[in-house]
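Here is the structure we will look at.
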Amino acid sequence: MVLNVKNRNIWDRYLIVLLTIQSVASLSYYAYVPLIPFLQEELVLNNYEIGWLTSAVFLGSSIIAIPSGIIVDKIGVKKGIFIFCFIISFDLLLFIFSSSFTFVLILLFIMGIGYGGITPSTNKGIIDKFSFYNRGTAMGIKQTGVPLGSTLGTLSLPFLASRIGWQNTLLILSIIVMVITFLNFIMYKENSGGKKDQKLKLRENLKKILQNKPLISLAAIIIFFIWTQLSVMTYLVVYINESLEKSLHFSLFCLGTLQFGGVIGRAAWGYISDRFFNRNRGAVLALIGILSGSFVITLGVINNNLSEALLLILSFLLGFSTQAWNGIFVLMMSEIVPKNQVGIASGFGLSVVYLGAIVGTPLSGWITDSTGHYGLMWLIVGIIIILTSTITYFMRFDNYLGKI
């Protein structure tokens, strides 16, 4: 199969730029996850409070989601990426002054605001520069930047934090983000035709978005997907370390394996959608959800007698499913609306989706604290995502996807 990007190879420099930005932003956004053991020890946190770390991040992303989409539609991809990456970098810098749980929550909230504009910006970049027939593959590759960035964070941040402290580690990350932000601002060239999209009236666009029933239905469904995704990402390390009685080093390695599975999965599912499902994105999303639920339930029924090799395989499969649906989702959001509404549609969809992260992760922590173990929590999350995915399959979203 030969893929063309407006008469260019799939690995056009713009795809590389968007992948780089997505990776660096995600590395920063999810940096707190591999640092949870350090935060838990220094700030003396229970599972419920750990859940609120995730909620703070996604609350910020939820609040900025719609405004960021409006901003990107108005000023374009290049400036949008620069503004939100600058917020991320400056926020990382402020962590050197953090000494309390409340202040950490505030900074994570600001981090969410910065990252909240990255997805609408990079989504619009993909829609602008790729055709309908290879967009799934391009979006999948771009979205690999999310688990790729978090994987790099898992492999590097705990190592640095154990030697120079977690605040100094984030300071170094802040400098790296700023340098890459300026380099990408120089490299990225805006589409000249994109300016025409900025002339449409905001009120008219918002009205059309709110009247788009498939978009609203999709966002509501994905609430449960992101609940599953972030419950696995947030609690996997402490679950393996405490309940399965594995070493912290091995538990972090499992998190890295999970994220690596997400890297492979996001690229693979985009290609599978283009190549084998005739771009029936809804069926692909349903398949990913059913697999996710099955593997999450498996996570809840295993015990500490399971070999480390099998646990690593399960971690990879969890990554390939629970961490890999995002590319298909953001592509569906972008294809359900006209091109001139991609930014605001992405923002609206994500603002609803983030509710799953804000409410779901603390709920998972509360279930775990209330029962004293993780088994029931994994069972509940797994069953709900399987039921949600079954509903998704019968909704036939492919009937609404326009060829923009």
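Taken together, the values in this text are just the output of simple stated rules run on the coordinates, not laboratory data. Given the structure is predicted, the values throughout are model-derived calculations rather than measurements. Counting neighbours? That spans all protein chains shown, and the Cβs are built from the backbone with ideal geometry, glycine included.
Please get the size of the charge dipole for region 13-400, origin at its Cα centre, with Cβ charges of +1 on Lys and Arg and -1 on Asp and Glu, quoted in debye to the nearest 20.
Working: 25 positive and 16 negative charges, 390 e Å.
For region 13-400, the charge dipole is close to 1880 debye.
Rounded if a/c is under 1.5, else prolate if a/b beats b/c, else oblate: with a ≥ b ≥ c from the C-alpha gyration tensor eigenvalues square-rooted, which is region 13-400? Intermediate results must be reported in sequence, preceding the final value.
Working: a/c = 1.71, a/b = 1.24, b/c = 1.38.
Cα axes put region 13-400 in the oblate bin.
If exposed means no more than 14 neighbouring beta carbons inside 10 Å and the site is in a DSSP loop, what's the longest run of the chain without any exposed trypsin sites (Lys or Arg not before Pro)?
Numbers: sites that count: Lys6, Arg8, Lys189, Lys201, Arg396, Lys403.
The segment 202-395 is the longest one with no such site.
Among rounded, prolate and oblate, which fits region 15-82 when a ≥ b ≥ c are the square roots of the eigenvalues of its C-alpha gyration tensor, a/c under 1.5 means rounded, and a/b larger than b/c means prolate? Walk me through the numbers before you get to the answer.
Details: a/c = 4.44, a/b = 1.91, b/c = 2.33.
Oblate, because a/c is 1.5 or more while a/b does not exceed b/c.
When a footprinting reagent is the concern and you count Cβ atoms within 10 Å, what order do His249, His373 take, fewest first?
Working: His249 9, His373 14.
So the residues, fewest neighbours to most, are His249, His373.
Given a cut-off of under 8 Å on Cα pairs at least six residues apart, what relative contact order in percent is computed for the chain? Please list the in-between numbers first.
Working: 714 pairs, mean separation 113.0, N = 404.
The value is 28 percent.
When Ser370, Ser364, Ser174 are ordered from fewest to most other Cβ atoms inside 10 Å of their Cβ, what list results? Show your work: numbers first, answer last.
On the way: Ser370 11, Ser364 27, Ser174 20.
In order of increasing Cβ crowding within 10 Å: Ser370, Ser174, Ser364.
Of Tyr30, Phe101, Val352, which is farthest towards the positive pole of region 13-400's charge dipole, taken about the Cα centre with +1 and -1 on the beta-carbons of Lys, Arg and Asp, Glu respectively?
My answer, from the dipole projection, is Val352.
Using only Cα atoms, tell me the angle between helix 118-129 and the longest principal axis of the chain; keep it within 0 to 90° and round to the nearest 10.
40 degrees
Between 0 and 90 degrees, rounded to the nearest ten: what's the tilt of helix 308-322 against the longest Cα principal axis of the chain?
Rounded to the nearest ten degrees, it is 30.
Using Cα centres only, tell me the gap between region 274-304 and region 81-155 in whole Å.
So the separation of the two Cα centres works out to 24 Å.
If each DSSP helix of 4+ residues adds -39,500 (n - 2.57) and the sum is divided by the residues in the chain, what number results at 222 nm, nearest 500 deg cm²/dmol?
Values: 17 runs with 312 residues, N = 404.
Calculated at 222 nm, the ellipticity per residue is -26000 deg cm²/dmol.
Between helix 77-94 and the chain, what is the angle of the helix's C-alpha long axis to the longest principal axis, kept within 0 to 90° and rounded to the nearest 10?
20 degrees
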